Amino acid sequence: MPGPQQPAAPSAEAQPASGLAPQVGPFDATMLVMGGIVGAGIFINPYVVARLVPASGWILAAWAVGGGIALLGAFVYAELAARMPEAGGQYAYLREAFHPALAFLYGWVLLLVIQTGGMAAVAVTFAAYFLELTGLALSASAVAALALGALALVNCFGVRAGSSVQSALMVLKILAILALVAGGGWFLAREGAVEGTVEGAARAAAGAEMGGEPREPPELAAAAPADSAGPSPWALLGALATAMVPVLFAYGGWQTASFVAEEVREPRRNLPRALVLGVSGVVVLYLAVNWVCVEVLGPDGLAATTTPASAVMERAFGRTGSRWIAVGVAVSTLGFLSQSILTAPRVYFAMARDGLFFRSVGRLTRRTRVPAAAILLQGAMAIVIALSGRYDQILSYVVAMDFLFFGLTAACLFVFRRRERRTGGPPSSEPGARVPGHPVTTALFVAASFLVVANTVLRYPVNTGIGLAILAAGVPVYLLWSRRAARA
């Protein structure tokens, strides 16, 4: 049992006191974790890293290091989830470790910046691919609004309906990624067989002509010294550090699964497992995609294209291949939207339950036991931004805000562990959910998160400043709501 100063958590077996229905099983929870990470980015973003680092080994190293940091974060959130399986997840950890004001500010920027801007941008991306595939005479913003509205309505039918749709879309996303990897592998095998035949014949002819073992062609021998002189180790490390920003952002999103903790069956056991398994699975998929892109296109070719997945599939299967991957991207973006509109409203629900938001947002429907008002609010906000065309501007504020709260949330674990030592009580989390290597590994994740924030501030001071201004604007709003809650 938690010590006297540990936050109380609802029973894993019983119906939560909030009335939310625990209907999300371990498979759906794992798909929620993966669905929060995988969107359209993995089909497009590998070229961004290739432009920052100079060689295939370094490109893959950047994605491997980023995956390792993401896995550290997954372990941290797994322990936090086991300690506090509450609706809102990250919001609840910040509230209990630090102060309700900090938790409110997280929910504030989640609604106004992080989640809503990202959803609007992804919805428009989905619309662009959908219209390209179907040829319908509609505007991208209208299709984006229809998609967001439809997913909001599906999630109002219950968490089981929303999680089932999300899981089905996540499985399709995995199949699309595996198809990309398989297509690239088939292309490499085919090209290798052809090159092997041609090269073997050439070497045999050269050997017969020269009367001995075939030698390296003179042009390759002459190029060797130039190839061996590359960037200095410090320059490579600097490039790798810069590449960590887009890589870590691509790995983000798994934390949103903690928002639905009260609706996961046996959350103290299933949610930590889902976090670790889901992030691990995405790391494997991301490394496979980047390996294929590097091998098929080469580092220079990868850096030269803004649509690497389409380029790989077009080489493998021609125009048909690029059309297949366009379907995969459309499904992937739709799946990301489904996951977002399922998870994020639980934060606003938790805020309302604490008296820090509109009371209607904290109500559940009688039949489906979901916060329908919160779901519709999230959908409506994303639709407004998608129709306004301002999502690019809002999305540019996301990185600093997202990683600021990543670091702060991971720091909650130091607070909870210190309270645990002070009270002398037993650990308030499952033994298997304890972060391996804490406090070193937790501190490493916190440092990595704050380094991303610092890098973003230095590179994009104006956008970061606007994001911080939006964050600061939430302080008087919190004071207003907290006084109303005190009076109530």
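Every number in this text was worked out from the coordinates using simple rules, so none of it is lab data. Computed from a predicted model, the values in this text were never measured in an experiment. Neighbour counts are summed over all protein chains in view; Cβ atoms, including those assigned to glycine, are modelled from backbone coordinates with ideal geometry.
The Cα center of region 333-394 and the Cα center of region 241-305 differ in position by 24 Å.
Per-peptide packing, taken as the mean over residues of other Cβ atoms within 10 Å, places 470-479, 372-381 in the sequence 372-381, 470-479 from highest down. Remark: spin-label model distance L136-S482 equals 4.7 nm, labels positioned 7 Å along the Cα→Cβ axis. Rounded, prolate or oblate for the chain? Axes are the square roots of the Cα gyration tensor eigenvalues, ordered a ≥ b ≥ c, and the cut-off for rounded is a/c under 1.5. Note, shape of the chain comes out prolate.
The charge dipole of region 325-484, taken about its Cα centre with unit charges on the Cβ atoms of Lys, Arg (+1), Asp and Glu (-1) only, comes to about 760 debye.
Working from Cα pairs under 8 Å separated by at least six residues, relative contact order for region 316-375 is 23 percent.
Within the chain, helices built from complete DSSP H runs that reach 30 Å or longer along their own axis (Cα positions) and carry a mean Kyte-Doolittle hydropathy of 0.0 or higher are 56-83, 159-210, 267-304, 319-343, 398-423, 461-487. Based on Cα contacts under 8 Å between residues 6+ apart, region 358-488 shows a relative contact order of 26 percent.
Among 312-324, 135-147, the peptide with the highest mean count of other Cβ atoms within 10 Å heads the list, and the full ranking is 312-324, 135-147. Packing, taken as the mean count of other beta carbons within 10 Å per residue, orders the peptides 460-466, 303-309 from highest to lowest as 303-309, 460-466. Relative contact order for the chain: 36 percent, from Cα pairs under 8 Å spaced at least 6 residues apart, divided by residue count.
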